[in-house]
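Below is one structure, written out as structure tokens; the observations come after it.
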Amino acid sequence: MILREATHRDLPVVLALLDDNGAERAEVTEAHERAFAAIGADARNEMLVLADGDEVVGCLQLTCIPGLGQGGRERALVEAVRIRADRRGGGLGAELMRLAVERARGRGCGMVQLTSNKRRGAAHRFYERLGFARSHEGFKLHLEP
């Protein structure tokens, strides 16, 4: 297994993972293209895939955020963590997160943080097994276009 930056060729597979509907590939829209290009153009932002040979089996987005806290060290935000449905339960999620944490540490980040939907109890137990602690209550405000 290797963790690498997603390429444009991976985009339909990554979108299918994010949809989590069992499809192998998803339709790529112009908005997806713009977002993928913006992620690639930002040195603090990475869309990463976990690959088993040529096969993408997982993904996540890693964003390094500068801040004044923690002595000015960046923190890494992990989003969009997914493992392909037919490959779950075999330790790939733990490996994906281990590699992401290692990558964040290598970039000098002092913390890795993430949010998880309150309804995803199994995901919460998974993150706790990996050493993540529930430390804050998250809030979101959706903005209409």
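What to note about this one:
- The single condition from (1) charged (D, E, K, R); (2) at pLDDT 95 or above; (3) more than 18 Å from Leu18 (Cα to Cα) that Glu46 fails is (3).
- Scanning the range 61-78 finds one or more residues that are within 23 Å of Gly22 (Cα to Cα), at pLDDT 95 or above and of a type in the set (S, T, N, Q).
- All positions within the range 54-73 that are farther than 17 Å from Glu5 by Cβ and surrounded by 11 or more Cβ atoms within 10 Å (Cβ to Cβ): Ile65, Gly67, Gln70, Arg73
- Count - residues of the range 83-95 that are open to solvent by less than 70 Å² (accessible area, probe 1.4 Å) and either more than 23 Å from Ala35 (Cβ to Cβ) or not in a loop (DSSP other than H, G, I, E, B) (or both): 9
- Lone unmet requirement of (1) touching a residue at least 12 places away in the same chain (Cβ under 8 Å); (2) loosely packed, with under 12 Cβ neighbours inside 10 Å; (3) not in a loop (DSSP other than H, G, I, E, B) for Glu27: (3)
- Only listed residue being over 23 Å from Asn117 (Cβ atoms), of a type in the set (Gly, Ala, Ser), assigned to a strand (DSSP E or B) and open to solvent by less than 70 Å² (accessible area, probe 1.4 Å), chosen from Ala80, Ala38, Ala76, Ala51: Ala51
- Restricting the range 96-141 to residues that are among the hydroxyl-bearing types (Ser, Thr, Tyr) and open to solvent by 60 Å² or more (accessible area, probe 1.4 Å) leaves a set whose member that is nearest to Asp20 (Cα to Cα) is Thr115.
The values are calculated or read from the model by the stated rules, or taken from the named source; none is laboratory data. Remember, predicted model here, so these are calculated numbers, not experimental data. Using ideal geometry, Cβ is built from the backbone for each residue, glycine included, and neighbour counts are taken over all protein chains shown. Heavy atoms of the whole protein, side chains included, go into the accessibility calculation; ligands, DNA and RNA do not. Shrake-Rupley method; radii C 1.70, N 1.55, O 1.52, S 1.80 Å.
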